[in-house]
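Here is the structure we will look at.
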Amino acid sequence: MTEPFLFGKALWATILLGAFLPIVGRHLILGRAVLLGLAIPQIAMTGIAFVFLGASLHWPWAESLHDESSKALVGSMLFGLPGLFLIATPWNHRIRMSETWLAVVYLGSVSISNLILSTDAVGETYLDDLFHGKLLFIGDAELRWLGIALVFGFLVLLGFRRRFLLALTDPDYATVAGIAVAGWTMLATLVCGTVIGATVATAGPLVTFGFLVLPVLTAATFAKSLSGNLWTSVLAGLAIALAGFHLSYRYDLPLGDSVVATGCGILLILRLISSFRTYR
């Protein structure tokens, strides 16, 4: 009778990610900066590895973070937010950083993380679990902080969505319309960075990038307007979250990998159906 509730926190965490994270990914995709959603989570993972290294080397500030979840959250924010500002600011000013350089940033972050963890067995084990989506054993504090970050980011991005989208997609027109493009893009960067940092610290980079991109691409298959894309993305995120959780629970599979694989499968099936209808 109580077995299904053993993973109740994991279920709620997955639902929160599916419902609220796609709006962040939507802003990245509409701003033609989708690879930021891949690079920034990995930079955040490098920050987590750095904090674990500091604890193993007995750095006072790192040792003061007693539990692993605190180390993960501090490390994710410590590298994730500055990394996003350094990469996204030139992008927002239309000094276009090529996708090649974003790939270099991603590869550099992966290699640096692995080098840092090569001397820290505890950090290596924790980050290996985190990469696969460490949701099944999420604690009360982690779930609470994840919910606060996701709801806060969703409400801010939803409330000012027209200004954000105009500043990100058409800065020239936004400037003519009297919108402070620099201020709004920096605010969007801060909000997205905070949400991504909190999500990576809790769910890992794979799940974070999956929920940033897959629901929005799924919604784009059928949605014909920006408003339709927004709410369809939320529904798609929830569908992916629930279907992936069911698959993981039913067949005893890793939750993070199950959710992302389910999202990829749903997207592929819908795109095939859409293509069949188009050429019929």
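The values are calculated or read from the model by the stated rules, or taken from the named source; none is laboratory data. Remember, it's a predicted structure, so these values are computed and weren't measured experimentally. As a convention, Cβ positions derive from the backbone with ideal geometry for all residues, glycine included, and neighbour counts pool all protein chains shown.
The table below gives the values:
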| quantity | calculated |
| --- | --- |
| Residue tally, condition more than 17 Å from LEU247 (Cβ to Cβ), surrounded by fewer than 20 Cβ atoms within 10 Å (Cβ to Cβ) and either aliphatic (A, V, I, L, M) or without any contact (Cβ under 8 Å) to a residue 12 or more places away in the chain (or both), over the stretch 7-23 | 1 |
| Considering residues of the stretch 180-195 that are buried (at least 16 other Cβ atoms within 10 Å of the Cβ), more than 14 Å from the chain's Cα centre (by Cα) and aliphatic (A, V, I, L, M) only, the residue farthest from VAL34 (Cα to Cα) | VAL181 |
| Tally of residues being among the polar types (S, T, N, Q) and in contact (Cβ under 8 Å) with a residue 60 or more places away in the chain across the stretch 171-190 | 2 |
| Residues (among the basic types (Lys, Arg) and either assigned to a loop (DSSP other than H, G, I, E, B) or buried (at least 17 other Cβ atoms within 10 Å of the Cβ) (or both)) located in the stretch 100-147 | LYS134 |
| Residue pairs meeting the criteria (Cβ under 7 Å; at least 6 apart or on separate chains; first modelled with pLDDT of 75 or more, in the stretch 100-125; second hydrophobic (A, V, I, L, M, F, W, C) and outside any helix (DSSP H, G or I)) | LEU102/LEU35 |
| Matching residues, the stretch 235-265, being of a type in the set (D, E, K, R) and within 20 Å of the chain's Cα centre (by Cα) | ASP257 |
| All positions within the stretch 36-80 that are assigned to a helix (DSSP H, G or I), farther than 19 Å from GLY139 by Cα and of a type in the set (S, T, N, Q) | GLN42, THR46, SER56 |
| Some residue of the stretch 247-256 being without any contact (Cβ under 8 Å) to a residue 12 or more places away in the chain, out of contact with any helix residue (DSSP H, G or I) (no Cβ under 6 Å at 6 or more places or on another chain) and in a helix (DSSP H, G or I) | yes |
| Residue satisfying condition, being buried (at least 17 other Cβ atoms within 10 Å of the Cβ) and more than 14 Å from GLY25 (Cβ to Cβ), within set GLY244, GLY228 | GLY244 |
